[in-house]
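Read through the structure below, which is laid out as structure tokens, and then see the notes.
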Amino acid sequence: MSISPLSCDVAIVGGGIVGCSAALALRKLGKSVILIERDLCGSRSSGVNYGGVRRQGRSLIQLPLAQRAHAIWAKLPELLGAACEYTRSGHLKIARSEADLASLIAYQEKAEPFGLGLQIYSGHQLRELYPWLSERVVGGSLCAEDGHANPRLVSPAFARAASQAGAQLMENTQVIDIEYSNTGFTLKTSTDQIIKAPVLLNCAGAWASFVAEKFNEAVPMVAAHPTMAVTEPLPVFMSLSLGVQGGGIYARQTQRGNCVIGGSRGFALDELRARPSREAIQLVLARSVELLPQLKHANIIRTWSGTEGYLPDHEPVIGPSRTTPGLFHGFGFAGAGFQIGPAVGEVLSELATQGKTSTPIDGFSISRFSRVLSSITTTLGDLP
Amino acid sequence: MTQPLKPVIVGAGPAGIRAAQTLVAHGLRPIVIDESARWGGQIYRQAPGNFARSSKQLYGFDARKADAVLSAMESLLSKVDYRPNTLVWNAEGGQLDVLHEGHTSVVDYTDLIVATGATDRILPFKGWTLPGVFSMGGAQVALKFQGCAIGQKVVFAGSGPLLYLVAYQYAKAGANVMAVLDSSHFSQQIKAVPSLLNQAAVFAKGVYYLAWLKAHGIAIHHGATPIEVMGTQSVEKLIWRNSQGPHEIDCDAVATGYGLRSESQLADILGCKFVFSNAENSWIPQKDLAGRSTIKHVYLAGDGAGIQGADAAEWAGELAGLALIEDRQLQQQTNHSTSSEELAKYLQKRIAFGRGLSMAFQDPQNWARQTTDDTVICRCEEITAGDIRQSAQSTGAQDVNRLKAMCRVGMGRCQGRMCGPATEALLADCTHQSIEKVGRLRGQAPIKPIPFVPSPALKNITPDTEEAN
Amino acid sequence: MHQNTAMVQQGQLVRLVELNRKKLTIYINGVATEALEGDTLLTVILTHQKFIRQTEFSGSERAGFCLMGACQDCWVCTEDGSRLRSCSTLVQANMKLVTPKANP
């Protein structure tokens with residue numbers, strides 16, 4: 001007995017923050033939506049990341065998206081019906097050397113037109129304001145309106161909001177095959193469901209290459225895995241979300257007192273699961289204590305990792321397919337998709353309905369990889 | 001060219017000790033990692049060195065068994081690499097991460113026998129986080145390991161063999177036992193007798209404890225469930241009920257527990273597959289009768305992979321050792337004390353006995369349904385049954401890991417040890433699913449809290465080239 | 001020497017046996033407290049007072065639970081800030097313990 005096919009205006013592959021916010025935005029535009037998610041919505045990268053809601057430090061071409069997202073985050077409670085622990089704590093990017101501080105100053109200048117309100121401080125000034133920072137801090141750049149949230153709550157909340165707005169969410173369902181004809185896309189799922197839609201959004205995160213390949217636009221995306229750790233509840237001392245110029249660690253403290261710390265790299269157990277590595281755990285803990293001596297006696301109670309998609313330039317792919325009309329991509333956020341995710345969702349909804357968007361996204365075109373790949377295929381074609 | 005074997009045993013209770021003995025008998029020198037200061041595990045836990053009580057006083061009827069196991073390990077000390085006060089907190093790529101005296105290091109292994117034992121299985125009741133309420137095993141540790149009673153007027157409330165054993169040990173040591181409240185019905189226990197006779201000696205002990213307690217005037221109630229423990233700063237009284245209605249006992253301490261739950265976090269981290277055990281109503285690591293897990297060269301022995309008791313733990317430890325020897329094609333000892341076949345037969349009998357135990361000792365009827373919203377379930381994070389129900393309802397969580405992400409149950413320092421079984425039962429009840437269907441809380445490193453310490457192996461801290469989020 | 005009021009406060013645990021052990025002194029929240037060699041920190045604390053710590057969230061008092069290093073409800077601090085699990089740590093003379101209060 002076969003299940004009858006379903007039709008909708010827009011089919012979405014992937015139920016992370018990008019896919020779910022796109023679904024929500026599309027419902028507000030009156031479009032019918034079916035979203036297919038292999039696991040539970042918001043359970044992958046969108047749900048296990050650090051939780052930084054940060055504009056500072058992004059490449060300049062991401063800042064228009066980040067600013068658009070900033071406005072969405074401002075109304076998160078109304079949008080989702082829940083606060084999800086979102087707070088504008090401020091984000092401080094720490095410099096551990098004069099060279100790093102110079103980089104922060106240079107970024108502040110370049111980013112000035114975008115209105116992030118960045119303020120540079122010396123190490124001395126920072127320790128006056130935040131005595132819990134160590135002498136290793138040479139200076140820093142503060143973005144007062146950046147902050148953090150609980151990703152475990154935010155991403156599923158987008159899914160629930162989309163569902164309540166009338167999007168059909170199919171969880172624990174994998175897309176097995178996608179075909180395209182002049183009538184649009186036909187998706188086949190692991191539950192033997194056929195879904196037909198004229199528009200398809202590829203929001204499959206670290207696994208989006210699967211969809212891209214189906215339409216002859218494979219991208220050189222690799223998976224990477226952060227190492228995350230959380231402490232027992234501690235007296236609240238960290239009032240900011242922290243990052244480090246040049247890499248290192250990122251750290252924040254929740255209202256309940258747990259310090260969430262991330263950095264370095266983990267490893268994949270398999271295609272779907274990842275784990276922090278022992279070296280990374282030790283490294284991240286050592287670096288944290290260097291900057292935050294108050295952590296010296298704290299205990300770590302849990303570690304975890306996730307899977308994130310990285311393209312060679314660490315910029316995402318956002319925008320129309322190079323090969324197939326009606327297909328739009330939004331993936332590959334290189335571990336920095338949480339803050340801009342909701343804006344990408346809105347942009348995708350605009351692309352899906354109007355074919356264009358008000359936010360500049362040319363720099364994220366999938367076409368930027370085609371020349372590389374076609375030159376490789378040409379070379380291979382020349383081989384005997 | 002064959003590399004030398006590096007067998008490691010995690011746990012030095014009866015299973016770990018017999019595994020060590022077996023490997024040594026076959027010419028191997030295993031590392032034995034023990035979280036405690038002295039070998040023996042929980043059941044044969046040794047008191048600190050300067051304590052004076054005899055084996056008989058500490059272990060009662062089990063004194064001979066305890067002595068045998070403990071002296072076996074003592075004679076092995078020069079033949080194994082014994083690492084006490086050492087916590088295994090993670091495993092990766094053929095190596096264990098261990099914590100000893102505040103410092104972390106790595107232990108290589110080629111073969112691993114996981115004998116991590118068990119802790120009490122808890123079903124909360126209102127007020128159970130008050131000072132003065134301890135687990136059944138905890139009450140036993142207080143007496144055995146520290147010579148203390150948990151209070152001046154102690155009530156034992158729960159189910160399982162430990163209930164009568166610890167109450168008996170307390171009364172015998174001169175503690176004031178106010179009552180024993182068994183959630184099982186006596187009629188169930190009668191029905192279980194034929195299965196329980198598979199381990200006649202063990203059964204006889206249980207009968208003895210019950211009879212002794214009665215003979216010494218200690219009130220024993222069946223079908224008895226704790227409702228609420230009350231007190232301003234600590235336990236002052238316990239409200240409980242049976243078929244006749246609610247009752248009150250004046251007391252200052254309550255020991256509670258409903259059987260045991262396996263410490264299976266290391267098996268989980270190692271990637272062992274788990275199966276649902278109907279007998280135990282919980283997920284346990286999968287193993288064959290010899291103790292082979294689904295991971296090559298990883299063996300499971302004792303209560304850490306399904307509750308079978310101390311005697312079975314000894315057999316399982318031996319079997320696991322023999323399986324390791326066989327799998328590595330080493331020379332089998334022909335004069336080995338007990339053959340694998342005999343051991344397997346004992347284990348089968350124990351499994352039959354175990355079925356009897358499940359019949360004899362049952363949870364409070366409809367525990368989940370009867371538990372009020374204001375009962376704290378996750379004591380670390382202070383999450384109530386109401387929080388759990390509300391979260392399941394508003395988020396649609398059907399799986400216990402999703403529930404954990406949504407409402408924080410199991411996110412505290414103990415990582416779900418105390419609240420796991422109760423959370424599974426509550427989620428199953430409010431989502432109308434079986435316990436099997438709601439899943440189990442996954443083990444994550446560190447297995448227990450570890451401090452921020454520099455590793456001796458860590459040299460220069462070089463910056464990454466990437467920042468994220 | 002007068003009895004410090006804290007020392008006459010009712011404890012939770014009751015010493016039944018093994019009373020003939022060497023005495024030593026540790027400090028709990030600054031107060032000199034008698035311990036016996038072989039005691040765990042939990043035993044010393046709970047033979048003198050009813051609780052070990054206050055929780056971070058509700059400030060409720062806790063006195064440990066499992067006594068075997070599983071429940072993690074018995075962590076205390078030393079005066080220099082290090083954390084110790086009291087049920088699995090044996091006393092040493094002159095230890096200076098602090099029983100954690102709820103976060104302000």
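The values are calculated or read from the model by the stated rules, or taken from the named source; none is laboratory data. Small disclaimer: the values here were computed from a predicted structure and weren't measured. Cβ coordinates were reconstructed from backbone atoms using ideal geometry, including for glycine residues, and neighbour counts include every protein chain displayed.
Numbers for the structure displayed
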quantity: Listing of strands (runs of 3 or more DSSP E) fully contained in the range B:11-111 that carry 3 or more residues being without any contact (Cβ under 8 Å) to a residue 60 or more places away in the chain; calculated: none
quantity: Some residue of the range A:252-273 being crowded, with 20+ Cβ neighbours inside 10 Å, more than 11 Å from chain B (Cβ to nearest Cβ), modelled with pLDDT of 95 or more and assigned to a strand (DSSP E or B); calculated: yes
quantity: The range C:48-68, residues that are facing chain B (nearest Cβ under 7 Å) and over 19 Å from B:ILE383 (Cβ atoms); calculated: C:LYS50, C:PHE51, C:ALA63, C:LEU67, C:MET68
quantity: B:VAL133 vs. criteria of a type in the set (Val, Ile, Thr) and more than 14 Å from chain C (Cβ to nearest Cβ); calculated: no
quantity: Residues located in the range B:110-146, provided they are small (Gly, Ala, Ser) and either within 15 Å of the chain's Cα centre (by Cα) or under 30 Å from C:LYS22 (Cα atoms) (or both); calculated: B:ALA115, B:GLY117, B:ALA118, B:GLY132, B:SER135, B:GLY137, B:GLY138, B:ALA139, B:ALA142
quantity: Count - residues of the range B:393-441 that are crowded, with 22+ Cβ neighbours inside 10 Å, away from every other protein chain (no Cβ under 13 Å) and over 20 Å from the mean Cα position of the chain (by Cα); calculated: 3
quantity: Single condition C:ALA63 does not satisfy, out of (1) at pLDDT below 95; (2) crowded, with 16+ Cβ neighbours inside 10 Å; calculated: (1)
quantity: Selection count where residues are surrounded by fewer than 21 Cβ atoms within 10 Å (Cβ to Cβ) and aliphatic (A, V, I, L, M), scope the range A:313-333; calculated: 0
quantity: Filter result for B:ALA167 (within 25 Å of B:ASP303 (Cα to Cα), crowded, with 24+ Cβ neighbours inside 10 Å and at pLDDT 95 or above); calculated: yes
quantity: Residue in the range A:130-182 that is nearest to the other protein chains (Cβ to nearest Cβ), counting only those that are surrounded by fewer than 19 Cβ atoms within 10 Å (Cβ to Cβ) and in contact with a His (Cβ under 9 Å, 6 or more places away or on another chain); calculated: A:GLU145
quantity: In the range A:274-294, residue surrounded by the most Cβ atoms within 10 Å (Cβ to Cβ) [restricted to those that are farther than 14 Å from A:THR231 by Cβ, under 24 Å from the mean Cα position of the chain (by Cα) and not basic (Lys, Arg)]; calculated: A:PRO276
quantity: Every residue from the range A:46-75 that is part of a helix (DSSP H, G or I) and farther than 22 Å from A:PHE114 by Cα; calculated: A:SER46, A:GLY47, A:VAL48
quantity: Any hit, the range A:82-97, residues being outside any helix (DSSP H, G or I), touching a residue at least 60 places away in the same chain (Cβ under 8 Å) and basic (Lys, Arg); calculated: yes
quantity: Residue ID - nearest to the other protein chains (Cβ to nearest Cβ), chosen from residues in the range A:215-251 that are more than 23 Å from C:ALA102 (Cα to Cα) and of a type in the set (Ser, Thr, Tyr); calculated: A:TYR250
quantity: Filter result for the condition that a residue is of a type outside the set (S, T, N, Q) and more than 20 Å from A:ALA251 (Cβ to Cβ), over A:ALA83, A:ALA95; calculated: A:ALA83
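One line per residue, one yes/no per condition, for (1) in a strand (DSSP E or B); (2) in contact with a helix residue (DSSP H, G or I) (Cβ under 6 Å, 6 or more places away or on another chain); (3) of a type outside the set (Asp, Glu):
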site	(1), (2), (3)
C:TYR27	yes, no, yes
C:LEU42	no, yes, yes
C:SER58	no, no, yes
C:LEU97	yes, no, yes
C:PRO100	no, no, yes
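Results for (1) hydroxyl-bearing (Ser, Thr, Tyr); (2) surrounded by 16 or more Cβ atoms within 10 Å (Cβ to Cβ); (3) within 14 Å of another protein chain (Cβ to nearest Cβ), shown as yes or no for each residue.
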residue: B:LYS65; (1), (2), (3): no, yes, no
residue: B:LEU70; (1), (2), (3): no, yes, no
residue: B:ASP97; (1), (2), (3): no, yes, yes
residue: B:TYR109; (1), (2), (3): yes, yes, no
residue: B:ALA115; (1), (2), (3): no, yes, no
residue: B:TRP128; (1), (2), (3): no, yes, yes
